[in-house]
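Each remark here refers to the structure printed beneath this line.
The numbers here are math on the coordinates, done by the rules we state, and not lab data. All of these numbers come straight from a predicted model, not from anything done at the bench. Note that we place each Cβ from the backbone using ideal geometry, even for glycine, and neighbour counts take in every protein chain shown.
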Amino acid sequence: MHRQGKHGVGEASGSPRRKGNAAEKMKALILTDGKAGHENQSKAFARGVGCEFDILPVRFKSKAAKALSYLLDNLGIRTTALFDGFEEKLEDCGYCAVLGTGSGTFYAAKTIARRLNVPCGVVLLPRGYSIGSFDCILAPAFDNPPSAPNIIEIPVNLVAADASFYEAGVKSFREKRDCETESKNAVAVIVGGPNKCSTMTPEWMRSQLEGIFSVHKAVGHEIWVTTSRRTPPEVEAVVDSFPFDYKLLYSRDHFNPIPAFVSLASHLYVTAESTGMLSEACSFGKAEVHVMDNLLPGPHKFRRFAETCARLGTEKVDLSDRFAAAKSLLGLS
């Protein structure tokens, strides 16, 4: 089992836990399906309710095993037999709750929580499973969650970052640029890439950037940009053709300027399919968030999410009341 402290720093598996002093904190068990985005939301959940955490990977033995989990869950049957390499890794370390994000963890979270006799909390709407038998569900608004006593609706995805993360990002950014300060009116552009609900063409990218430059260069703003591992090469070539004041092309440099962008920019332009980046932009910093719409036509969760972010503008999401409600549902308050 991978043990992690409050800030995700690995600890030796034999590390003693603090006992009998004011520094002692509750500890949750996070189940991970191996997807970084899911794991990070679970970390944010744990931190939001005031818990340190250990992390335990879980994986269904097969697609058939996952399919069977829906039936068993609705029958009230919990078994670890559906998972690979499970029993030998599970330790009861006095956890206060079991947490998970994503369909690969929902059934396991209930199963282990029952075994450890602790509450179970998950992020994202666990469609197909018995909703009522989760102690707490943090469900994004874009999933259109039903109204239920154990469901807490959240406007954006949870973000597993804190002030120190962004401070370190700003420091690294300034060192890379060899400068101590930036323009107070910097504009940052974050380019993702196509997915099942979006597209991204060179023509679209050029049109977006021309609009941004026409608005912001006229008033003397610096304009920064970063692409990502998902950005198509032909789109990155268009980005490279514009005279940005700072340019990070992922194909050439894997440095991450996004923490600095979020912290320092007065305007943030983010492609609509980049839900993680939009969630960061809407949760931290002071920038006005602009959504670059590259979504396919029709109603779907990405569009609902993008519309929520666009409505927020300069307003930042405060989840403190949601986390307080989650603590109550989990019996941690």
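Could you work out [θ]222 nm for the chain from helices alone, using -39500 (n - 2.57) per DSSP H run of at least four and dividing by all its residues? Round to the nearest 500 deg cm²/dmol.
The per-residue figure over the chain is -10000 deg cm²/dmol.
For D253 and E180 in one chain, what is 0.36 nm times their gap in residues minus the Cα-Cα distance, to one decimal in nm? If you can, show how the numbers build up before the last one.
Values: separation 73, 0.36 × 73 = 26.28 nm, distance 2.14 nm.
Taking D253 through E180 to full extension adds about 24.1 nm, to one decimal.
Indicate, rounded to the nearest 5 percent, the antiparallel portion of the DSSP beta bridges found entirely in the stretch 163-312.
10 percent
So if R0 is 30 Å, what FRET efficiency would A310 and A67 give, r being the distance between their Cβ atoms, rounded to the nearest 0.05?
Rounded to the nearest 0.05, the efficiency is 0.20.
When the Cα centres of the stretch 59-92 and the stretch 297-333 are compared, how far apart do they sit, in Å?
The two parts, judged by their Cα centres, are 30 Å apart.
Given H placed on each backbone N at 1.01 Å, which residues far from E288 in sequence or on other chains put an amide H within less than 5 Å of it?
Residues meeting the criterion, in which the H sits 1.01 Å from N, are H267, L268.
Taking the simple approach of a point 7 Å from Cα along Cα-to-Cβ for both D321 and K171, what is their distance in nm?
About 3.6 nm, to one decimal.
What is the fewest-to-most order of V170, V156 by other Cβ atoms lying within 10 Å of their Cβ?
Working: V170 17, V156 22.
The fewest-first ordering by Cβ neighbours comes to V170, V156.
Restricting to the chain, compute how many DSSP beta bridges are antiparallel as a %, nearest 5.
Approximately 15 percent, going by the DSSP bridge assignments.
Can you list the lysines whose alpha carbon sits under 21 Å from that of K184, skipping same-chain ones fewer than 8 residues off?
K171, K176, K217, K247, K286, K316
So how far, in whole Å, is the C-alpha centre of the stretch 124-155 from the one of the stretch 161-199?
Spelled out, the Cα-based centre of one part sits 32 Å from the other.
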